[in-house]
1. Given a 1.4 angstrom probe, what's the average accessible area per residue across the chain, in square angstrom?
2. Given H placed 1.01 Å from N in the peptide plane, which residues other than close sequence neighbours of F213 have an amide H under 5 Å from its amide H?
3. Hey, with R₀ at 25 Å, roughly what FRET efficiency would Y176 and V16 work out to, going by the Cβ-Cβ distance, to 0.05?
4. Over all distinct Cα pairs, what is the inverse of the mean 1/r for the stretch 282-377, reported as the Kirkwood hydrodynamic radius in Å?
5. Order the peptides 221-227, 106-112, 331-337 from the highest to the lowest mean number of other Cβ atoms within 10 Å of their residues.
6. Roughly speaking, what is the centre-to-centre gap between the stretch 36-53 and the stretch 308-325 when only Cα atoms are used, to the nearest Å?
7. Would you please give the FRET efficiency between K404 and K299, computed as 1/(1 + (r/R0)^6) with r the Cβ-Cβ distance and R0 = 51 Å, to the nearest 0.05?
8. Given a Förster distance of 30 Å, report the FRET efficiency between Q362 and N2 from their Cβ-Cβ distance, rounded to the nearest 0.05.
Amino acid sequence: NNGFAGSNFAKMNAPVGWVRYPFADSMPKTVSAFNEVLRLSGTESLGYAWALIMRAQSFLRLTDMYGPLPIGVEEDKNAYSSQEVIYKTLIADLDKALLTINGMVSANGGSLVQFKDADKVYGGDFTKRVKFANSLKLRIAIRMRFVDPSYAKQVGEEAVLAGVMTSNDDNAAVTYVPNGQYKTSVEWGDSRACADIDSYMNGYNDPRITAYFSATATAGSRTVIGCRAGANIGNKTVADAIYSAAKVEKDTRGVWMTAAEMAFCRAEGALAGWSGMGGSVQELYEEGIRLSFDQWGVKGVDNYLADDSSTPADYVDAEGGYGAGHSKMSAITIKWDESATDEQKLERLIVQKWIALYPDGQEAWCEIRRTGYPKVFPVAQTTAYDIEVPNRIPFDYTEETNNKANYDRAVQLLGGADNYATKMWWQKK
């Protein structure tokens, strides 16, 4: 949207209302809903176990935006916990939930269907909810890989042994109307494919690109054309027509987690020397790509996996575009190369994981911050920071006044200034 071109997250100067929204709106809703479940059901119920998993999912997303957060485990409930404490708390909560649910599943002969009408993800099938919880543990373990390797290995191996998603039938997705991408990309026209995914997917001749994005409304040099992050959009109507929107319907299910992501997590675990990941790095890397192609109903995966020459493409802006062209940021290819260095293997793996994560932008952002991959284009406008993506978003600005002592402590826990550049606890690569 041209009205947002000068102040937004890509430029790392978003309006304060945007910055505080997850903290001031989403987090209180998570906490109040969880507390209501606790009030109604107690701590030994199936409903409470389910709520623990849902709260862990929500808190993980929130902490990976801000860093330290007040999640209610300190003596002063308004006090912030460090991100390390939050991560370990979420793992403990998931373990508690799994203990309860697995006990009930076992007592019920190996299956358990409850809350069928209320469960918009799995229709009340708690055996699938168990896989989701274990997969959430594996996601957390991979996130911690470079900051606490031994603990990450322990958690990751436990999660895989207990059973994570391995089939697209396990994928977690929810229907909410209108779908968020439909609202922003189709109805409002405020979001478009990014130049980075354009460069990688068009360079690779990746057939998923036309499942992800619509053709541009006006003829261009290629079917799908992305927009540089932070481009100085001067006219919304023009930008809408020359850059590709998400290919999504009003009732398309929103993706929370997939088996493809878990295959890539297991591949990275194998690369790190974790035991019991279910295959070699190459086998799991290729499994992740196959699962992603299957998820999107796209053919041609064998040719894709065998491609050892295609690289990301140079970015050519749309005619009349707002971001300018740029040479490709990487020469990494698709086909697995066992003779490559571990760093090259990691880049290849994460690039394909990042592509497969679409449309889960938060997880894609986490991978760039955690690993440095994929390499992305510089922001199209000048920013106040010497980084291509923000490492976090600042705390709610009202906390400095309304909760000052705890805010000051939160900044100490953060270990740097309360700005976009200070890194997450787990950014140690």
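1. Numbers: 17890 Å² over 429 residues.
Each residue of the chain exposes 42 Å² on average to a 1.4 Å probe.
2. Under 5 Å from the amide H of F213 lie the amide H atoms of K247, each far enough along the sequence or on another chain.
3. On the way: r = 27 Å, r/R0 = 1.07.
With R0 = 25 Å, the Cβ-Cβ based efficiency is 0.40.
4. Values: mean 1/r = 0.0685 Å⁻¹.
Computed over the stretch 282-377, the radius equals 14.6 Å.
5. On the way: 221-227: 20.0, 106-112: 10.7, 331-337: 17.6.
By packing density, highest mean first, the sequence is 221-227, 331-337, 106-112.
6. 50
7. On the way: r = 58 Å, r/R0 = 1.14.
The calculated FRET efficiency here is 0.30.
8. On the way: r = 25 Å, r/R0 = 0.84.
The pair Q362/N2 has a calculated efficiency of 0.75.
The values are calculated or read from the model by the stated rules, or taken from the named source; none is laboratory data. Just so it is clear, the model here is predicted, and its values are computed rather than measured. With ideal geometry, Cβ positions are generated from the backbone for all residues, glycine too; neighbour counts draw on all protein chains shown. Side chains are part of the model used for accessible areas, which takes the heavy atoms of the whole protein and leaves out ligands, DNA and RNA. Shrake-Rupley method; radii C 1.70, N 1.55, O 1.52, S 1.80 Å.
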